[in-house]
Structures are given as C-alpha cells and as structure tokens.
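Step one of this worksheet: look at the structure below.
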Amino acid sequence: MIPIAHPVFGDQEVDAVSAVIRSGMIASGEEVVSFEKEFAEYCGTSEAIATSNGTTALHAGLLACGIKPGDEVIVPSFTFIATATSVSMCGARPVMVDVCEDSFGISPDAILESITPRTKAIIGVHLFGQPCNISAIQDICAEKNLQFIEDCAQAHGALYKGKKVGSFGSVGCFSFYPTKNMTTGEGGMITTCDSALADHIRRLINHGQSKKYLHTEIGYNYRLTNIGAAIGRVQLKKIDTMNEARNKNAALFSKNINHPKIFLPQILNDCSHVFHQYVIRVGGGKRDELASWLSNEGVGTAIHYPIPVNEQPVYANISNPACPISSKLAKEVLSLPVYPGLSIEELSHICNSLNRWSC
Ligand SMILES: Cc1ncc(COP(=O)(O)O)c(C=O)c1O
C-alpha cells in the first residue's frame, strides 16, 4: 500500500539526535535556541519561539495577542479542529465562517458578515499548503482594528506575493507533526516580528516564568525538546528541496490525471503552493467509492476533512453562520499521497488507478 504520508529522514537526522542524546542535554536548550534562530531567518521574521506542537503554538500565540474570555475570533469552518479549539482554550468563542471554493481558504466576504463588537482577531489557515487571501484579510484587519493570526501548520515555506507565510500576521503558528512538510516528531513554532510579543510567548510556554522560579502569570509547559529541535534543524535545511519534490509530484498529477468526475486543485495568483496535500474533488456522492477503489489498487488516501468544524459535536451548542461550501467540500475532497519520497512508478500507478476508475 502506498501510504498517504511518509516523513523523509536520512542519516543526518539520526546523527543529530544521537549527538543530543550523548550530550545528556535532551530537554529544551541550545539546540532549540539555534532552531528558533534558523527558523526565524527562513521565514523572514525577527523572532521564532519553538513549542511542543502546533496546537500549543496557536494557544500561546492567541494568548499573547490578548485573546480572552468574551472575545470572538473568526476562523474558517473548513480546517483541522485545532484552529478553532485553540480559541476555545483561551475561553474565547471561535466564529466559524465559510471558505472559498477555489482556494479552500477563509472567505473575506464571510469574514465581513461575521464581525461584531466582540471580534478581536481573524485566523487565516494556509490550508493544504496554499496561502489564503492574505491581502484581503490584512485590509479587513486594518479597517476594523483586528489582529491577523496565521495558521501555517500546513504551509512551511509557502510564499504569498513573494514573501514567506508566517511573516504577515501578529503571529504565525506552525506544526511539525510527522505528516507535515517538515517534522520534529511532535513540535511547533511561533513566528513574529514583535519582540515584546515574543518575550511574552517565551514566558507563556514556560510556566509564566519571568526569572528562574519567579512566576508572574499563569503559563504552561509548551516547550520543544532539544531532540525535536535537532531533527527540525536538519529538516529545515531540506525543506525547500522537499517542497520542490512535492510540487513536482503535484505537477505530474495535474498533467496526467484525466477523469471527467475528478476535479484537480488550483494554484492561485500571488501564491506559491507547497502541496502539504494534493486534494482532488469528486462530485456526485462518489468520493467514498473512489477511495475504496484506490485502496483496492494499493493507494492510500485520506479525507481532510470529513466534518467541517462548525458541524463538530463539540460545537453543537454554539450558534454559527451556515457554511454551505465547507459542507460541500467535506463530502467531495480526497487527499492523494504527494510526499517527496514517492517513486515515479508509484506516481504513475496513482494516476493510472485514477484514470481507470469507472463510475
Ligand atoms: C491547520 C492546522 N492547524 C493546527 C494544527 C495543530 O498542529 P499539531 O497537530 O502539531 O498540534 C494542525 C495539525 O494537523 C493543522 O493541520
């Protein structure tokens, strides 16, 4: 079976982890500091703060931006649950709005319809590796005095108008989960150009500690380990090559998949895509049938995501605007394997299996 995702590791990651273990300094330390510096440089921000995962990055980032009980934060309804639950973790209310059908990104029109006096921030998710409509969101934030928070969990290295994602918002929040474009095992990163905000985040992720054993606010243990950072530093050196491989695989799919019932992803103007996922759409209620066919052909697939966030049981008690595009996408999307290690034979097999599907 060709898996849906597979991390790319080599001897360098093994050597880097071995060196950290041999040093005995396995918790957060010098490796983390170096990883943060290198990641900030990569993203074009002045600061980066490593965290234990992408969810804690979002939580700490939102807290540092002042999100608190009683506030509303506008998030897309079509995303991974953590985009919304991180807002709930602050005691604030996620307002889940619809997305654009072409980009899967949050809809600027839907944002405008949902702003209230309680709205404090907008989270834009660069879903599947493609930047959302950053300019439109920035304009809304400037006009309405809102903070822009970027959920970059799926888009390491993606560019919007030639600039890296994670460098546009008050904070950019990344995940290094093993299926992501680069990994540290579990891990995350917050990027920002605001040094006061960065200092606050550093306290928040370390028990609210401002000096050793002096705790000035409620904080958390959201630190990354040196082991994770050592893997991350090696992965960061390879991220552009790995993204190029994803783009090559995606281009091969877009050229060779040719089936009347299958709709292919689009790359939008102003965006460079890093194809965290290559997501096709299958209409007519046939998506699950195609997934079964591919499974029988030895091709693993996944559904990102089968239930929009606003329809999740956890948010059943929150009244929310209708999100018809998200509901439609949830029934139609199917992610194909697109990770860098796929062989040309595997890529051809995926295309042939799709083109041979009779429905
Ligand atoms: C869009 C998005 N946001 C946030 C997260 C949370 O990241 P993590 O799983 O590292 O906590 C993910 C992870 O899948 C994600 O895809």
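A compact table of results
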| item | result |
| --- | --- |
| Residue match in the range 19-41 (condition: charged (D, E, K, R), closer than 15 Å to Gly187 by Cα and either open to solvent by 40 Å² or more (accessible area, probe 1.4 Å) or part of a helix (DSSP H, G or I) (or both)) | yes |
| Members of the range 137-172 that are aliphatic (A, V, I, L, M), touching a strand residue (DSSP E or B) at 6+ places or on another chain (Cβ under 8 Å) and more than 16 Å from the ligand (Cβ to nearest atom) | Ile140, Leu146, Leu159 |
| Yes/no for Ala322 being in a helix (DSSP H, G or I) and small (Gly, Ala, Ser) | no |
| Residues (surrounded by 24 or more Cβ atoms within 10 Å (Cβ to Cβ), in a loop (DSSP other than H, G, I, E, B) and not small (Gly, Ala, Ser)) located in the range 183-201 | Thr184 |
| Single match in Ala110, Ala121, Ala84 (criterion: assigned to a strand (DSSP E or B) and at negative phi) | Ala121 |
| Residue among Gly129, Gly124 that is touching a Pro at 6+ places or on another chain (Cβ under 8 Å) and closer than 21 Å to Ile303 by Cα | Gly124 |
| Number of the condition not met by Ile67 [criteria: (1) part of a loop (DSSP other than H, G, I, E, B); (2) open to solvent by 20 Å² or more (accessible area, probe 1.4 Å)] | (2) |
| Residues of the range 1-18 classified as touching a strand residue (DSSP E or B) at 6+ places or on another chain (Cβ under 7 Å) and either in a helix (DSSP H, G or I) or surrounded by fewer than 15 Cβ atoms within 10 Å (Cβ to Cβ) (or both), total | 0 |
| Residue tally, condition in a loop (DSSP other than H, G, I, E, B) and over 20 Å from Ala245 (Cβ atoms), over the range 132-152 | 4 |
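The values are calculated or read from the model by the stated rules, or taken from the named source; none is laboratory data. What you see is a predicted model, and the numbers here were worked out from it, not measured in a lab. Using ideal geometry, Cβ is built from the backbone for each residue, glycine included, and neighbour counts are taken over all protein chains shown. Heads up: the accessible areas ignore ligands, DNA and RNA and are worked out on the full protein's heavy atoms, side chains in. Shrake-Rupley method; radii C 1.70, N 1.55, O 1.52, S 1.80 Å.
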